[in-house]
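To start, the structure under review is shown below, and the notes come after it.
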Amino acid sequence: MREIVCDVAIIGAGTAGIAAHRAALKEGARSVLIEQGPGGTTCARVGCMPSKLLISAAEAAHVARSAEGFGVRVGGVEIDGPAVLRRMRSLRDDFVASVFEGLDDLPAESRLTGRAVFEGPDCLRVGDHTRLRFKAAVLATGSSPSVPEPLHDLGERVLTTDTVFEIEALPESLAVLGAGPVGLELAQAMARLGVRVSVFDPGDSLGGLKDPDLTAAAREIFSGAFDLHLGAEVESGAAEGDGVHLTWSAKEGADSTSGSGRFARVLSAAGRPPNVRGIGLERTGAQLDERGSPAFDARSLQCEGTALFIAGDANADRPILHEASRQGKIAGRNAARLAAGAGVERPERWVMLAMVFSDPQIAVVGGGFDEDAGHRVGGADFCDQGRARAMDRAQGGLRLYAEPGGRLVGAEMIGPEVEHLAHLVAYAVQDGLDVAAFRDRPFYHPTLEEALDTALGQLMDRDG
């Protein structure tokens, strides 16, 4: 087994790991990037990009079916499932290839392939071929989809976000477990592509919304798109022919009812736990919780009491691409600084910005709704908003939250193309704007952005 010594070891070549490696090299550190495979980043390979390709196909079908509302008549819409999936995979593979092309310009001697396991606080074994000694390390091992225990023995009948994009044809029916962002996006896309979809979630919300008014609006909207079971938990699953028979129970007080049914496939979209088990973290001196995850500082990303840093999905803090990229840069730079004997930096965190690319879209800025925080609330509805009505997409609404002194702290929204409104609010919160300062900006007519002006005006009226 060969022996290598470096300043910084980066474990994982996804979004966070690549960013960390580049940052460490930029600081002049001898950095080694270790990838077990398959690489290509979660976003490009099994996350945001293939899901958006599927959503775009579903949207095309939906627009064609809905055109008559504008006086435009379209012939019968026919879905060629295999063609939809082939296009999705072809473009997905292009995105993955571009990630690998970006890796090719890195020095070959700075990359290793194999499973990395800690042998101590400053030593890694990579596969059965290399022992790597380091001064600091970045853990960017990503995450993997979880499958509920009742479905463990159902094999390929159960799809995950790692396998759903590999199917050759659309299933006749699909049970989606999880009404979070991924589950909601894929459930609606599949339904619009002609799949009979049922969604199950033990919680009472959709897409991360917490505001009671917006949660109620989301339930009404999406229950018309597919069979929705909130407050219901799948208790058992058994093979039935080439499909799956599920039984579920409803919690007391839930809108759903207990029942059972047969589905061609099940999609587990109930989360992606971080890949931190089985890599020897217990040998590093890190403080581990019951899940095996190390305690870390959310700003410096340093694991307490160690020379380790953790970034991206591996820390399960903000599993979103733009956060993973920034965390990777911070962790890589800090690892290089620590290896050089300098102090680590603790930059301020970005405001939280999360989105669901359903239709209508969902977005949460900052902490979102918090009934115990004493925030003032200003709102607007898209149901009677001019631009939304012109687009025949008059659904949902938005809520802005401000401190009693007027400083904006967050928002929740569900409505047409709110991805753009959410960015504006995020910038305002990040810059510390108060309600009056944010409202003293141009809001063009007629645009969806005018809903922000309405909500800000309501906050100012209440303040006065």
Once the dipole of the range 149-268 is set up from charges on Cβ (+1 Lys and Arg, -1 Asp and Glu), the residue from the list G208, S249, V195 lying farthest towards its positive end is V195
Per the charge dipole of the range 119-174 (beta-carbon charges, Lys/Arg positive, Asp/Glu negative, Cα centre), the residue among P150, S173, C123 reaching farthest to the positive end is C123
Taking the chain and counting helices only, DSSP H stretches of n ≥ 4 at -39,500 (n - 2.57) each over all residues, the nearest-500 ellipticity at 222 nm comes to -9500 deg cm²/dmol
In Å, the Kirkwood estimate of hydrodynamic radius for the chain over Cα pairs equals 24.0 Å
Measuring from the longest principal axis of the C-alpha atoms of the chain, the long axis of helix 418-430 (C-alpha) lies at a number of degrees, nearest 10, equal to 60 degrees
Sparse-neighbourhood loop hits (GluC sites (Glu not before Pro), the range 125-220; DSSP loop; Cβ within 10 Å at most 16 others) -> E168, E172
Rounded to the nearest 10 degrees, the helix 48-66 long axis (Cα) sits at an angle to the longest Cα principal axis of the chain of 10 degrees
Answer in debye to the nearest 20: the dipole magnitude of the range 149-268 about its Cα centre, from +1 Lys/Arg and -1 Asp/Glu charges placed on Cβ, is 240 debye
Projected onto the charge dipole of the chain (unit charges on the beta-carbon of Lys, Arg, Asp and Glu, signs +1, +1, -1, -1), the Cα from F134, L448, G278 with the largest positive-side position is that of F134
For 435-445, 319-329, ranked highest to lowest by mean beta-carbon neighbours within 10 Å, the order is 319-329, 435-445
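Dipole size in debye (nearest 20) for the range 353-463 around its Cα centre, Lys and Arg Cβ +1, Asp and Glu Cβ -1?
Working: 9 positive and 19 negative charges, 31 e Å.
Result for the range 353-463 is approximately 140 debye, rounded to the nearest 20.
Quick one: which of 449-458, 68-77 comes out on top by average Cβ neighbours within 10 Å, and what's the full order, highest first? Please list the in-between numbers first.
Working: 449-458: 20.6, 68-77: 8.9.
Highest to lowest by the protection proxy: 449-458, 68-77.
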Result: in the chain the number of Lys pairs with C-alpha under 23 Å apart, spaced 8 or more or on different chains, is 4
With x for Gly and Pro, the residue-by-residue ³J(HN,Hα) of the range 262-274, computed from phi through the Karplus equation 6.51 cos²θ - 1.76 cosθ + 1.60 at θ = phi - 60° and given in whole Hz, is 9, 9, 5, 9, 10, 10, 8, 10, 9, x, 10, x, x
Given unit charges at Cβ for Lys, Arg (+) and Asp, Glu (-), the dipole magnitude of the chain about its Cα centre in debye, nearest 20, is 1360 debye
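Coordinate-derived values only; no laboratory data. Fair warning: this is a prediction, and the values are worked out from it, not measured in the lab. Heads up, the Cβs are rebuilt from the backbone with ideal geometry, glycines too, and the neighbour counts pull from every protein chain shown.
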